[in-house]
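Here the structure comes first, spelled out in structure tokens, and everything after it is commentary.
Coordinate-derived values only; no laboratory data. A quick note: this is a predicted structure, and the numbers were derived from the prediction, not measured. Please note: Cβ atoms are built from the backbone with ideal geometry, for glycine as well, and neighbour counts cover all protein chains shown.
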Amino acid sequence: MLAKSKTETEIAQTLNVSQPTISNDIKALKEQSQQFVFDLAKSDLSFYYKQKLDSLEETKKAAWVVHDKFFGSSHDSGRIRLQALKVIILAEETAFKFLTEGPAILSLKMLEQRVSEYEAV
């Protein structure tokens, strides 16, 4: 309901509970979200990031194989080649998005290092 822009009062009325209960629940959800981000920063996020980029590269390679297989073919290959090119473009756009968001990933890695330092204290 929060994601649907409902107020705490509206949520409380809908669920037939008090507004302070909803307020406490939302506070707990925020704490869980913060813990999730904290745990994510401590994980091998960079590894998963690289894995996704590699997967996009493999997808592009496979799409080029399909495109080239039907190039000059007597079959109605125009549509197949066009679909392969669309996959390639989508993979390129997604990879570019990942790369432009890369600094955020690096910031999380630095956060992970800081968290580890604080935990050591």
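Normalising the Debye intensity of the stretch 1-42 to I(0), with uniform scatterers on Cα atoms only, and taking log10 at q = 0.17, 0.20, 0.23, 0.27 Å⁻¹ returns -0.51, -0.63, -0.73, -0.86.
Building the convex hull from the alpha-carbon atoms of the stretch 1-100 and averaging its projection over directions returns 10.4 nm².
Charge tally around Thr21: other residues with Cβ under 14 Å, Lys/Arg +1 each, Asp/Glu -1 each, net -2. As a calculated quantity, the FRET efficiency between Ser46 and Lys6 at R0 = 35 Å, using C-beta atoms, amounts to about 0.40.
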